[in-house]
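Data block below; observations after.
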Amino acid sequence: MNKDIIAIVGPSGVGKSTIADYLTQNYHVNMPICFTTRAKRIDDTYYNYVSEEEFLKMKNNNFFFFTSGQKDKYGYMDNLDNDDPTLLLTSYKNILNFYQTNPNTVIILLSFSNIRDCIIARNDNKLEITKLNERIEHAINDYNNYFDKVYQICSLSLISDSYSIMQVNEIVSNFLLTNNIIKEKNMVKRKIK
């Protein structure tokens, strides 16, 4: 894959999808088509759900530019031919694997000041307690094992519960605009005479 990658990295519930929605609505960025073998969550709109067999067939046919996961597998397919940057939403551990072969990736690192409390607060009773605890445990383990390594290679780091989602969107988009990584969709184009 030869185009720029913007990786929005952080635990479940930190706001990765919300930031991605904001960027795709207002700037020239691509969202890859994402596939997963995991069970659908009530709050999910981001993934296409496939069986393990279908996923492995797609992976073997080189459909994905990036895959992750062991039990629940995730695959990202770049479906657009334009040169706009592609967004990748992933965890701390997964970005380290991706970064090894894609060292020019722009990494936006998001975290919570208290992972457990923030995931519970953002759950809104959508997940049953067992699934919620699994999500919290996974997020804490990912943070404890990989955050420091990702922090060393990230381009921008934010504690997302220190800001409103609009402030996070503004900080991220201003950083990407200032560094000429993205362009606004509503830029005025010169008329050709």
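Details
- Selection over region 48-103 of residues that are out of contact with any strand residue (DSSP E or B) (no Cβ under 8 Å at 6 or more places or on another chain), over 29 Å from Lys131 (Cα atoms) and acidic (Asp, Glu) gives a count of 2.
- Each residue in region 132-181 was checked for being of a type in the set (D, E, K, R), more than 15 Å from the chain's Cα centre (by Cα) and farther than 15 Å from Thr18 by Cα, and 5 of them qualify.
This table checks each residue for (1) in contact (Cβ under 8 Å) with a residue 12 or more places away in the chain; (2) buried (at least 22 other Cβ atoms within 10 Å of the Cβ).
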| residue | (1), (2) |
| --- | --- |
| Ile6 | yes, yes |
| Val9 | yes, yes |
| Ser12 | yes, no |
| His28 | yes, no |
| Ile33 | yes, no |
| Arg38 | yes, no |
| Asn62 | no, no |
| Thr67 | no, no |
| Tyr92 | yes, yes |
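- Any hit, region 125-137, residues being in a helix (DSSP H, G or I), buried (at least 17 other Cβ atoms within 10 Å of the Cβ), in contact with a Lys or Arg (Cβ under 6 Å, 6 or more places away or on another chain) and touching a residue at least 60 places away in the same chain (Cβ under 8 Å): no
Quick note: the coordinates plus some simple rules give every number you see, no bench work behind them. From a predicted model like this one, the values you see are computed outputs, not experimental measurements. Positions of Cβ are backbone-derived with ideal geometry, glycine not excepted, and every protein chain shown enters the neighbour counts.
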